[in-house]
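Q: Structure incoming, see below.
Nothing in this text is a laboratory measurement; each read-out follows from the coordinates by a stated rule. What you see is a predicted model; the values in this text were computed from it and never measured. When we count neighbours, we look across all protein chains shown, and the Cβ atoms used for this are built from the backbone with ideal geometry, even at glycine.
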Amino acid sequence: MATEQRPDQLSPWQSQAMAVPEAFDLFLGGGRGGGKSFLLAALFLRHCEQHGENARCLVVRKSFPGLQDLEAEFRQYFGAVYGDKLRFDGQKHRFTLPNGATLQLDQLERENDFSKYQGKSFSHIAVDEAGQYASPALVDRLRSSLRAPAGVPTRFILIANPGGVGHAWLVRRYALKEPWKPYIDEATGFDFVSIASTYQDNEFIDRDRYAKNLMASCATDPELGRAWLDGDWSVLRGAYFATVIEEQRVLIEPWTELPLPDAWTTDRWRIFLAHDFGVAAPSVTYLCAQSPGAEGPDGYFYPKGSVVLVDEETTTSPDDLNAGLGLTVPDQADRIKSMCTKWHTHPSGVADDAIFNRTGSQEGSIADEFRKAGVSFSKAAKGSRLAGWQIMRRMLADAGSPDSPGLYVSRNCQVWWQTVPALPRDPRKPEDVDSTAADHAADACRYALTGYRPMPNIKIQMW
């Protein structure tokens, strides 16, 4: 049975989290229902009580509607502590405690929203539902407002559950770190502690009923429901490709050479590029090999029509999988040609149809610029995005089959392995990938499967 949790009550997990020294920033991960919001209120209360008017706390989320539940929890929590001495400004979403400390809830969705924080100082900042941010860029920038007078500790807190468009960057930075053990976040240089909880750690809720309600809320995606319950970040059960990507079938060790064509046969391996263009966003290019039904250089047999992603050239920022390096077309072409030179093959293949369009006063298209720089692309003729994803799902599912064409991905293709397995479904259209996620490697892969002819006859089955 559930019992109402009072501000002076903490679960064992919350008590242990409160004992982490304030010098460490926190990543509060795990599943839903573990009591992370209550813990955040308790952390803020302690900080505010210790430092009075010098304590200024901020909680941001991607949208104001998403903050409504948290705001209601804070009103109940701090109201129970201070009664009518607590002041709340509904327009500014700001609490003022009797000792002058403040706690503000606000929205941070896009770059323009950040301007309201410039010049402001906060001693504690928390990002709720951090997994809603496809990129860590805005989250990191928020640190510029984390400052306080001498003697007042500052702290940055991230709260997230598995799933969402930010799953990949949270996993890379925080989610799979050893729990309770301090480490340095390589991206920011700050000291962190990652701690996780699930609904089983929360003695103040009806656990059985909560689990049933949570699973019912994910009736169309029960795998995501189980990920939320278990708090398992290692494999996102509810991801778009989760049920068809198995490393032991799809992952291959790097080839040392490309298959050599046999001059006496007509069935040859087809070697080509597949490219997804970006400047501010990442550009991803794959060196692909389509099998005629033969052994590869690694000695394994690849059924006819199978596609192998042999190597990867990308302008993905090492700190942000959804950001590019801003390279020009000639610079990108040089990098692509260098990859092809390493493999002794010609730089030609397929690319997103959009790069063949002429825009504004542009004399030629992006494809024309690539051609002048020595890289030749033809249109991928990608057709329906959903149909392309279904081809990709089918070929991933058939990887390892002795008589069906599969999709195989080399360990060389690091951005593919960092992003594609964790791509979430579009919450409004579950048969599609969420396009706000880091889907650039997936797009280039899709062009490889739909844009190069001839392709195997693959039956497309929609949800």
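Q: Using the alpha carbons of the stretch 101-249, what is the convex hull volume per residue in cubic angstrom, as a whole number? The partial results should precede the final answer.
A: On the way: hull volume 24.9 nm³, N = 149.
In the stretch 101-249, the Cα hull volume divided by residue count equals 167 Å³.
Q: Would you mind checking the tilt of helix 385-397 against the longest principal axis of the Cα atoms of the chain, expressed as 0 to 90 degrees and rounded to 10?
A: The helix 385-397 is inclined about 80 degrees to the chain.
Q: Which order results if 215, 392, 339 are arranged by neighbouring Cβ count within 10 Å, fewest first? Display every interim value, and only then the final one.
A: Details: 215 15, 392 24, 339 18.
The order, fewest Cβ neighbours first, is 215, 339, 392.
Q: A further question on this structure: With N denoting the number of residues in the stretch 79-155, provide Rg(C-alpha) divided by 2.2 N^0.38 Å, to two decimal places. It would help to have the intermediate numbers written out before the result.
A: Values: Rg = 14.1 Å, N = 77, 2.2 N^0.38 = 11.5 Å.
Scaled against compact globular proteins, the figure is 1.23.
Q: When only C-alpha pairs under 8 Å and at least 6 residues apart count, what is the relative contact order of the chain, in percent?
A: 15 percent.
Q: I need the shape label for the stretch 1-136. Rule: rounded when a/c is under 1.5, else prolate if a/b > b/c, else oblate, with a, b, c from the alpha carbon gyration tensor.
A: Working: a/c = 1.42, a/b = 1.15, b/c = 1.24.
In terms of gyration-tensor shape, rounded.
Q: To make sure I understand the rule: partners must be lysines, Cα under 25 Å from the Cα of residue 36, and not fewer than 8 residues away in the same chain. Which ones qualify?
A: Output for residue 36: 62, 92, 177, 181, 212.
Q: Oh, and also: Nearest 20 debye, what's the magnitude of the dipole of the stretch 12-230 about its Cα centre given +1 on Lys and Arg Cβ and -1 on Asp and Glu Cβ?
A: Details: 26 positive and 27 negative charges, 79 e Å.
Result for the stretch 12-230 is approximately 380 debye, rounded to the nearest 20.
Q: Rounded to two decimal places and with Rh computed the Kirkwood way over Cα pairs, what is Rg over Rh for the stretch 12-230? Let's see the in-between values first.
A: Numbers: Rg = 16.9 Å, Rh = 17.9 Å.
Radius of gyration over Kirkwood radius for the stretch 12-230 works out to 0.94.
Q: Return one quarter of the surface area of the convex hull spanned by the alpha-carbon atoms of the stretch 247-450, equal to its mean projected area, in nm².
A: On the way: hull surface 48.2 nm².
Averaged projected area of the stretch 247-450's Cα convex hull equals 12.1 nm².
Q: Still on this model: What is the packing order of peptides 21-32, 42-53, 139-150, taking the mean over residues of other C-beta atoms within 10 Å and listing the highest first? Please report the intermediate quantities before stating the final value.
A: Values: 21-32: 20.8, 42-53: 18.4, 139-150: 14.5.
So the order, starting with the most tightly packed, is 21-32, 42-53, 139-150.
Q: Further question: Against the longest principal axis of the chain, how steep is helix 64-82, in degrees 0 to 90 to the nearest 10, with axes from Cα atoms?
A: 20 degrees
Q: Report Rg (one decimal) and Dmax (nearest whole number) for the chain, counting Cα atoms only, units Å.
A: Computed over the Cα atoms of the chain, radius of gyration and Dmax are 25.4, 90 Å.
Q: For residue 354 and residue 18, what does the FRET efficiency come to when R0 = 45 Å and r is the distance between their Cβ atoms, rounded to the nearest 0.05? Numbers along the way, then the final one.
A: On the way: r = 51 Å, r/R0 = 1.14.
Calculated transfer efficiency: 0.30.
Q: Give the aspartates and glutamates whose C-alpha is closer than 13 Å to that of residue 337, dropping any in the same chain fewer than 8 places away, or say none.
A: Within the straight-line limit of under 13 Å, residue 337 reaches these aspartates and glutamates: 311, 312, 313.
Q: Sorted by mean Cβ packing within 10 Å, highest first, what order do the peptides 371-380, 424-433 take? Mind showing how you got there, number by number?
A: On the way: 371-380: 18.6, 424-433: 16.2.
Top of the packing list down: 371-380, 424-433.
Q: Which cross-chain or sequence-distant (5 or more) residues have an amide H under 5 Å from the amide H of residue 62, H modelled 1.01 Å from N in plane?
A: 108
Q: Then there's this: Under a point-charge model restricted to the Cβ atoms of Lys and Arg (+1) and Asp and Glu (-1), what is the dipole moment magnitude of the chain relative to its Cα centre, in debye to the nearest 20? Walk me through the numbers before you get to the answer.
A: Numbers: 50 positive and 59 negative charges, 144 e Å.
Once rounded to the nearest 20, the dipole reads 700 debye.
Q: Which angle from 0 to 90°, rounded to the nearest 10, does the C-alpha axis of helix 440-450 make with the longest principal axis of the chain?
A: 30 degrees
Q: Here's something else I'd like to know. Arrange the peptides 314-326, 122-134 so that the one whose residues have, on average, the most other Cβ atoms within 10 Å appears first. Please list the in-between numbers first.
A: Working: 314-326: 19.0, 122-134: 23.2.
Ranked from most to least packed, the peptides come out as 122-134, 314-326.
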